[in-house]
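The values are calculated or read from the model by the stated rules, or taken from the named source; none is laboratory data. Note that this is a predicted model, so its numbers are computed, not measured. Cβ placement follows ideal geometry from the backbone for every residue including glycine, while neighbour counts extend to all protein chains displayed. Surface areas here come from the heavy atoms of the whole protein model, side chains and all, with no ligands, DNA or RNA. Shrake-Rupley method; radii C 1.70, N 1.55, O 1.52, S 1.80 Å.
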Amino acid sequence: MGIVNVTPDSFSDGSRFLDAPRAIAHGRRLVDEGADILDIGGESTRPGAEPVSLDEELRRVLPVVEGLSSLAVPVSIDTYKVEVMRAALDAGASMINDVNALRGEGTLDAARSSNCGVCLMHMQGNPQTMQLCPQYGDVVAEVREFLAQRVAACEAVGIARERLVVDPGFGFGKSKAHNLQLLRHLNAIASLGVPVLAGLSRKSTLGKITGKPALERVSESVAAALLAVQRGAAIVRVHDVDETHDALLVLAAIEDSTPLNPS
Ligand code: HH2
């Protein structure tokens with residue numbers, strides 16, 4: 001899943017793709033580099049980010065959704081606002097990526113009344129406060145339980161399990177230790193039986209390991225994507241599609257190759 005941030009303030013690529021033609025060109029490039037899904041967002045959810053008005057978010061994302069939805073890959077809309085979900089689906093998006101896991105008013109209904117895919121993400125708190133003091137007893141068990149409940153809430157209103165993806169929400173109300181614990185035990189999230197999406201790309205946990213600033217965290221991000229896939233992730237949400245795609249080709253070659261039989 002290639003990231004297209006149509007924002008002035010995203011933590012690693014803010015304002016690079018703020019106008020629609022540039023965002024569309026970027027999305028096309030990510031598809032050429034191997035992205036199988038494009039995720040378009042008009043509001044940064046980095047820690048401390050200011051919320052964006054509905055009108056502004058619509059103004060940012062709709063031309064980009066329209067411009068990219070004719071491509072061969074599905075377009076996902078990264079939003080927690082029900083109006084943006086509905087408008088983006090009308091404009092050609094086929095997936096909702098909600099950091100709020102369809103807990104907002106009307107969002108379950110918006111997803112139910114279309115045939116779109118849905119990503120349910122775990123977050124503790126909200127982007128303004130989530131990194132102040134994240135706390136868990138057992139982070140893996142609590143995130144897993146939350147996601148299981150959100151899957152059940154979707155199924156209860158008639159959103160088929162086959163349409164769902166779950167995401168532990170790396171960096172969303174989690175310390176570095178919480179993020180690493182979740183990555184280490186991602187298989188426990190995958191055991192829910194719903195495809196897992198992992199978003200570690202350029203995140204600060206990786207920067208805390210290597211000391212590099214966000215734009216220089218490519219190797220770290222590729223390593224994290226590879227580790228996530230090895231632990232059961234079906235989708236990795238990344239900025240650096242070309243590099244990640246190559247790394248995943250190597251992994252696939254190793255996992256798919258028939259072991260040589262010396263006899
Ligand atoms: N991370 C970000 C945004 N949306 N969605 C899912 N499902 N999973 C994630 O881990 C996730 C997400 C934050 O990354 P980014 O879009 O690069 O930054 P910003 O929120 O500053 O635009």
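Taking all protein chains in place and a 1.4 Å probe, what share, in percent, of the accessible surface of the range 2-251 do carbon and sulfur account for? Mind dumping the intermediate values first?
Values: 5410 of 10350 Å².
Here carbon and sulfur together make up 52 percent of the probe-accessible area.
Evaluate the charge dipole of the range 1-149 about its Cα centre and quote only its size in Debye, nearest 20, assuming +1 on the Cβ of each Lys and Arg and -1 on the Cβ of each Asp and Glu.
160
When only Cα pairs under 8 Å and 6 or more residues apart are kept, what is the percent relative contact order across the range 147-211? Don't skip to the answer; put the middle values down first.
Values: 48 pairs, mean separation 24.3, N = 65.
Value for the range 147-211: 37 percent.
Answer rounded, prolate or oblate for the range 121-263, using the Cα gyration tensor with square roots of eigenvalues a ≥ b ≥ c: rounded when a/c is under 1.5, else prolate when a/b is larger than b/c, else oblate.
Details: a/c = 1.98, a/b = 1.19, b/c = 1.67.
Taking the square roots of the gyration eigenvalues as a ≥ b ≥ c, the range 121-263 is oblate.
Considering only protein heavy atoms, what per residue accessible area in square angstrom results for the chain with a 1.4 angstrom probe? Mind dumping the intermediate values first?
Values: 11660 Å² over 263 residues.
Normalised by residue count, the accessible surface of the chain is 44 Å².
Can you put SER175, SER191 in order of accessible area, largest first, using a 1.4 Å probe?
Details: SER175 40, SER191 75 Å².
These residues rank, largest area first, as SER191, SER175.
Determine the dipole magnitude for the chain: charges of +1 sit on the beta-carbon of Lys and Arg, -1 on that of Asp and Glu, nothing else is charged, the reference point is the Cα centre, and the result goes in debye to the nearest 20.
Using only the charged Cβ atoms, the result is roughly 560 debye.
Can you tell me how the chain classifies by the Cα gyration tensor, rounded, prolate or oblate, using a/c under 1.5 as the rounded cut?
Rounded, because the longest to shortest axis ratio a/c is under 1.5.
Report P(r) for the range 184-239: all Cα-Cα distances, bin width 10 Å, range 0 to the bin holding the largest distance, values in whole percent.
In whole percents, the pair-distance histogram is 27, 49, 22, 3.
Find the centroid of the Cα atoms in the range 74-152 and in the range 187-263, then give the distance between the two in whole Å.
The two parts, judged by their Cα centres, are 22 Å apart.
Under 10 Å, Cα contacts only: if you run a Gaussian network model on the chain, which one of ASP167, ASP78, ASP240 comes out with the highest mean-square fluctuation?
ASP240
Defining a contact as two alpha carbons under 8 Å apart and six or more residues distant in sequence, what relative contact order in percent does the chain show? Don't skip to the end; give the middle numbers.
Values: 499 pairs, mean separation 41.5, N = 263.
Here the relative contact order equals 16 percent.
Please state the relative contact order of the range 95-164 as a whole percent: Cα pairs under 8 Å, 6+ residues apart?
Numbers: 65 pairs, mean separation 26.2, N = 70.
Relative contact order, the range 95-164: 37 percent.
Just to be sure I understand: with springs between alpha-carbon atoms less than 10 Å apart, which residue in LYS208, LYS174, LYS81 has the highest mean-square fluctuation in the Gaussian network model of the chain?
Of the options given, LYS208 has the highest mean-square fluctuation.
Suppose only helical runs count, i.e. DSSP H with n ≥ 4. What mean residue ellipticity at 222 nm does that imply for the chain under -39500 (n - 2.57) per run, divided by all residues and rounded to the nearest 500 deg cm²/dmol? List each step's numbers first, then the result.
Values: 10 runs with 111 residues, N = 263.
Calculated mean residue ellipticity at 222 nm is -13000 deg cm²/dmol.
Does the range 1-154 classify as rounded, prolate or oblate by the C-alpha gyration tensor (a ≥ b ≥ c root eigenvalues; a/c under 1.5 gives rounded; else a/b over b/c gives prolate, otherwise oblate)?
Values: a/c = 1.70, a/b = 1.37, b/c = 1.25.
Verdict is prolate for the range 1-154.
Of the listed peptides 244-252, 3-11, what is their order by residue-averaged count of other C-beta atoms within 10 Å, with the highest listed first? Walk me through the numbers on the way to the answer.
Numbers: 244-252: 15.4, 3-11: 22.6.
Answer by packing, highest mean first, reads 3-11, 244-252.
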